[in-house]
Amino acid sequence: MREQAGMEEIIMDQGRIRHMAVFTLKSPQDSAETKQFLADGKQILSSIPVVQHFEVLTQVSSKCEFDFGFSMEFENQEAYDTYNAHPDHQAFVEKRWKKEVERFQEIDFKAY
């Protein structure tokens with residue numbers, strides 16, 4: 001993190017990857033099913049050892065068609081690949097994501 005003109009600027013280190021999945025669930029936004037999906041996603045995915053800075057996000061812009069997001073960072077490409085291949089991630093995708101998510105978009109960024 002750098003200090004710039006009295007404000008903190010957070011800069012992602014070279015090689016780090018920020019992965020975001022934005023999505024809309026099949027269940028209503030304020031339903032018990034939605035709350036459980038978000039809580040389970042946080043618990044399961046953030047417990048994978050290579051996952052850093054996990055966040056559950058909710059959309060505030062009317063310009064975006066998705067309601068929620070999961071955001072996380074990885075130290076490098078190897079950590080990102082480890083996450084994708086991890087049995088807990090794969091099980092969550094198969095047992096929950098494919099059944100409960102209506103539509104989604106994945107976005108993966110590295111520092112420019």
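Here are 36, 4, 105: which of them is in contact with a Phe, Trp or Tyr (Cβ under 8 Å, 6 or more places away or on another chain) and either modelled with pLDDT under 95 or open to solvent by 70 Å² or more (accessible area, probe 1.4 Å) (or both)?
Numbers: 36 fails: in contact with a Phe, Trp or Tyr (Cβ under 8 Å, 6 or more places away or on another chain); 4 fails: in contact with a Phe, Trp or Tyr (Cβ under 8 Å, 6 or more places away or on another chain).
Of 36, 4, 105, the one residue that is in contact with a Phe, Trp or Tyr (Cβ under 8 Å, 6 or more places away or on another chain) and either modelled with pLDDT under 95 or open to solvent by 70 Å² or more (accessible area, probe 1.4 Å) (or both) is 105.
Anything in the stretch 60-72 that is out of contact with any helix residue (DSSP H, G or I) (no Cβ under 9 Å at 6 or more places or on another chain) and surrounded by 14 or more Cβ atoms within 10 Å (Cβ to Cβ)? List them, or say none. Give the derivation first.
Restricting attention to the stretch 60-72, the residues satisfying the condition of being out of contact with any helix residue (DSSP H, G or I) (no Cβ under 9 Å at 6 or more places or on another chain) are 60-66, 69, 71.
Result: 66, 69, 71.
Table: residues versus (1) in contact with a strand residue (DSSP E or B) (Cβ under 8 Å, 6 or more places away or on another chain); (2) at pLDDT 95 or above; (3) under 24 Å from residue 87 (Cβ atoms).
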| site | (1), (2), (3) |
| --- | --- |
| 12 | yes, no, no |
| 22 | yes, yes, no |
| 26 | yes, yes, no |
| 40 | no, yes, yes |
| 45 | yes, yes, yes |
| 67 | yes, yes, no |
Where residue 20 falls short, out of the listed (1) touching a Gly at 6+ places or on another chain (Cβ under 7 Å); (2) open to solvent by 70 Å² or more (accessible area, probe 1.4 Å); (3) not hydroxyl-bearing (Ser, Thr, Tyr):
(2)
All conditions in (1) more than 23 Å from residue 14 (Cβ to Cβ); (2) buried (at least 18 other Cβ atoms within 10 Å of the Cβ); (3) out of contact with any Lys or Arg (no Cβ under 8 Å at 6 or more places or on another chain) are true of residue 80 except (1)
For the structure I just gave you, tell me whether residue 92 is surrounded by 15 or more Cβ atoms within 10 Å (Cβ to Cβ), of a type in the set (Phe, Trp, Tyr), at pLDDT 95 or above and touching a helix residue (DSSP H, G or I) at 6+ places or on another chain (Cβ under 9 Å).
yes
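The values are calculated or read from the model by the stated rules, or taken from the named source; none is laboratory data. Since the model is a prediction, treat every value here as computed from it, not as a measurement. Counting neighbours? That spans all protein chains shown, and the Cβs are built from the backbone with ideal geometry, glycine included. These area figures cover heavy atoms from the full protein model, side chains too; ligands, DNA and RNA do not enter into them. Shrake-Rupley method; radii C 1.70, N 1.55, O 1.52, S 1.80 Å.
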